[in-house]
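Some notes on the structure that comes next.
The values are calculated or read from the model by the stated rules, or taken from the named source; none is laboratory data. Only a predicted model underlies this, so the values are computations on that prediction, with no experimental measurement involved. All Cβ positions, even for glycine, are placed from backbone atoms using ideal geometry, and neighbour counts span all protein chains on display.
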Amino acid sequence: MDLDGKPLEDENVYLQGKKKVYTAKTNIDGETALMLPKGEYYAVNFEFRDSLEVLNIEAGNYTRTDKIRYKYIGSKAIKRRALQRKIEAELWDSLVKVNAFRDSLAASRSDFSGFSSKLWSKNKTDLFDKIRRRAEEDKKKLDENPKFFEQVGDEVAAAMYRNRGRWKNKIIVTDLTGSMYPYLDQVLSWHVLDYNASINNQYLFFNDGDKTPDSKKIIGQIGGLYYTNGENLEVLTDKMLETMQGGSGADSPENDIEALLNAIDKRKTNRTEVILIADNHSDIKDFELLYQLKVPIRVVLAGADFGANEQYLELAFRTKGSVHTLEQDLENLYELNDGEYIKIGRFQYRVYKGKFLKMDGM
């Protein structure tokens, strides 16, 4: 049954023994039946939910009927949401192009934007000056209005500024594939604000495997990871440019977990916060490595206009971390009980066994 107690029809059920997997499909009442050999353990799995339970069918001369009930989000709902995310990602890609044109017009009116395109320039002196001036302007605005970043829609900068007191020592893991270029202004400007405040930062950028063809990418060994202490603006921008030149990500899903594991190994202390600046519209390619993360991950979502990507919510849930959007800091997600709702922006999400599902607009 689903989380509201309604039958789930046409759900695939798998009972995996040592040598054979037994399969069945639920009927209109959400029920199915299987006859299993005795003397074996069976793991109960659904299409998108593994290891619900392990059944011990003991050996012996007997006949027994067991009735078991499970609650589950439902594969149809999960597939609908996956399709919806794909549509949102395609819409976001088109918006990025529109925004790039809009930003090019804005750049003609202001010297304090469009840094990502200027990274390729051989003359960095002018670029550094503009970044510093942008940071100075941001600081003035923040002194006047602490919610300035929220009002102008700077998602990354807003989250970093709100949590500046708690994230004093941090390693910032940033997706630098093509769809993230519009956010580089915020990253660079924030670095200068942080640097002026003498805050100790480390940076790890990733591009999903440099120019490796998608067919040759091996989970956990994709690469395209670039680390720097970022001791000054020149070092930081050089490392950003090196990452971007290495590759811009061919397919949409990225190697976020591999990058996070690498960053954790490079932390200066065990108390260094691990922050992921993630492309909300790109799924996590190596999500199967999630179990290897043993420290809280602070996820800053870029591009959460249509709601939060459920994979990043689960990432924070599993690691006892947090998720941060333009206006919200979602702490203690791991304390949510099965079936509970949480509102993120304009949308409702429901959690079950650590997995989240967007309930609106399905």
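In region 188-216, the qualifying residues are those that are touching a residue at least 60 places away in the same chain (Cβ under 8 Å) and either touching a strand residue (DSSP E or B) at 6+ places or on another chain (Cβ under 6 Å) or among the basic types (Lys, Arg) (or both), and the one that is nearest to ALA259 (Cα to Cα) is LEU204.
Please specify each residue of region 291-309 satisfying the condition of being modelled with pLDDT under 95 and surrounded by fewer than 20 Cβ atoms within 10 Å (Cβ to Cβ). Of everything in region 291-309, those that are modelled with pLDDT under 95 and surrounded by fewer than 20 Cβ atoms within 10 Å (Cβ to Cβ) turn out to be TYR291, ASP305.
Taken residue by residue, region 332-346 has at least one member that is part of a loop (DSSP other than H, G, I, E, B), over 25 Å from PHE149 (Cα atoms), in contact (Cβ under 8 Å) with a residue 24 or more places away in the chain and touching a strand residue (DSSP E or B) at 6+ places or on another chain (Cβ under 8 Å).
Given the residues ARG298, ARG346, which is the only one that is farther than 28 Å from GLY230 by Cα and of a type outside the set (Asp, Glu)? Don't jump to the end; show me each part of the working.
Details: ARG298 fails: farther than 28 Å from GLY230 by Cα.
Within the list ARG298, ARG346, the selection yields ARG346.
Pairs meeting the criteria (first residue in region 257-274 and farther than 24 Å from LEU313 by Cβ, second residue hydroxyl-bearing (Ser, Thr, Tyr), beta carbons under 8 Å, at least 6 apart or on different chains) are LYS266/TYR227.
Scanning region 245-278 for residues that are over 11 Å from PHE206 (Cβ atoms) and either in contact with a strand residue (DSSP E or B) (Cβ under 8 Å, 6 or more places away or on another chain) or surrounded by 24 or more Cβ atoms within 10 Å (Cβ to Cβ) (or both) yields a count of 9. Restricting region 154-213 to residues that are among the small types (Gly, Ala, Ser) and surrounded by fewer than 20 Cβ atoms within 10 Å (Cβ to Cβ), the residue that is modelled with the highest pLDDT is GLY165.
Of all the listed residues (GLY230, GLY220), the sole one being small (Gly, Ala, Ser), at pLDDT 90 or above and out of contact with any Ser or Thr (no Cβ under 6 Å at 6 or more places or on another chain) is GLY220.
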